[in-house]
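Everything on this sheet refers to the single structure shown next.
The values are calculated or read from the model by the stated rules, or taken from the named source; none is laboratory data. This one's a predicted model, so the numbers in the text were calculated from it and none came from an experiment. For neighbour counting, all protein chains shown are included, and Cβ atoms are generated from backbone atoms with ideal geometry for every residue, glycine included.
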Amino acid sequence: MKRRALPSAEYLRECFSYDPGTGALVWKNRPLAHFRSKWAWRVWNIRYANKPAGHINNEGYYHIRLNNTLYQAHRIIFKLITNEEPPAVIDHQDGNTGNNRWANLRAASPSQSIFNRGPQWNSSSGIRGVRRFRKRWQAQITAHGVTRHLGTFDTSEEAAAAYEKAAREVHGEFYRGGERQ
């Protein structure tokens, strides 16, 4: 999804109420100035006011259509809270893209956001950074375009431990456990 500049924080506050503890974003009763006609204003407020805003897409993100433009809810929330245009990437710390509690959102670089992912869906071992290699298990980590081989092990648990140690060192606070959820 292309990143578009959001409306002003003041405009967003006229549209939404947000509960930082639950992550709920709810439509407010919007003012007449937001609409082209009194009829459109009345119909919109009857249909949407005081109801949850947006829908969940295929990737688990909440999307909201505002003035015929689609925005990601976590980007709207970031601007509501900080009064600033959101950074290119906002990371969900727990990996749950539907969890928009303020404590779960943080600014991140694209690579930091990738560090916070679990293993890929097609991982043969189900453990991030671990693969089967000639009847043994190999661990490797990639960060900032550099792949580092961590060794070959007799068990997947040993390989996973080596990966986990290196990942915590390299990725710091953005590292989230390597096994499939």
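Restricting attention to region 31-53, does a residue exist that is surrounded by 15 or more Cβ atoms within 10 Å (Cβ to Cβ), not hydrophobic (A, V, I, L, M, F, W, C) and not in a helix (DSSP H, G or I)? Steps first, answer last, please.
Taking region 31-53 first, the residues surrounded by 15 or more Cβ atoms within 10 Å (Cβ to Cβ) are 34-35, 41, 44-45, 48, 53.
From the residues that got through so far, the ones that are not hydrophobic (A, V, I, L, M, F, W, C) too are 34, 45, 48.
After this cut, where a residue has to be not in a helix (DSSP H, G or I) as well, the list is none.
Within region 31-53, none of the residues are surrounded by 15 or more Cβ atoms within 10 Å (Cβ to Cβ), not hydrophobic (A, V, I, L, M, F, W, C) and not in a helix (DSSP H, G or I).
Regarding N67, is this residue surrounded by fewer than 12 Cβ atoms within 10 Å (Cβ to Cβ), of a type outside the set (S, T, Y) and modelled with pLDDT under 95?
Numbers: surrounded by fewer than 12 Cβ atoms within 10 Å (Cβ to Cβ): yes; of a type outside the set (S, T, Y): yes; modelled with pLDDT under 95: yes.
Against the criterion (surrounded by fewer than 12 Cβ atoms within 10 Å (Cβ to Cβ), of a type outside the set (S, T, Y) and modelled with pLDDT under 95), N67 qualifies.
Applying the selection to region 89-114, what residues are touching a Ser or Thr at 6+ places or on another chain (Cβ under 8 Å) and surrounded by fewer than 17 Cβ atoms within 10 Å (Cβ to Cβ)?
Of the residues in region 89-114, the ones touching a Ser or Thr at 6+ places or on another chain (Cβ under 8 Å) are 89, 91, 101.
Within region 89-114, just V89 meets the criteria.
Here is a check on your reading of the model: is Y71 part of a strand (DSSP E or B) and among the aromatic types (F, W, Y)?
Values: part of a strand (DSSP E or B): yes; among the aromatic types (F, W, Y): yes.
Considered against the rule, which asks whether it is part of a strand (DSSP E or B) and among the aromatic types (F, W, Y), Y71 comes out as yes.
I'd like to know if region 22-31 contains one or more residues that are more than 20 Å from G98 (Cα to Cα) and either in contact with a Cys (Cβ under 9 Å, 6 or more places away or on another chain) or at pLDDT below 95 (or both).
Start the filter on region 22-31 by keeping residues that are more than 20 Å from G98 (Cα to Cα), which leaves 28-31.
Pick out the ones that are also either in contact with a Cys (Cβ under 9 Å, 6 or more places away or on another chain) or at pLDDT below 95 (or both) and you get 28, 30.
Checked region 22-31: at least one residue is more than 20 Å from G98 (Cα to Cα) and either in contact with a Cys (Cβ under 9 Å, 6 or more places away or on another chain) or at pLDDT below 95 (or both).
Just name the residue that is farthest from Y61 (Cα to Cα) out of those in region 98-123 that are modelled with pLDDT of 90 or more and touching a Phe, Trp or Tyr at 6+ places or on another chain (Cβ under 7 Å).
Result: L105.
State all residues of region 44-63 that are in contact with a Gly (Cβ under 8 Å, 6 or more places away or on another chain) and closer than 12 Å to C15 by Cβ; if no residue qualifies, say none. Spell out how you get there, then give the answer.
Quick first cut of region 44-63, residues in contact with a Gly (Cβ under 8 Å, 6 or more places away or on another chain) only: 56, 60-63.
Listed by number, the list is empty, since nothing qualifies.
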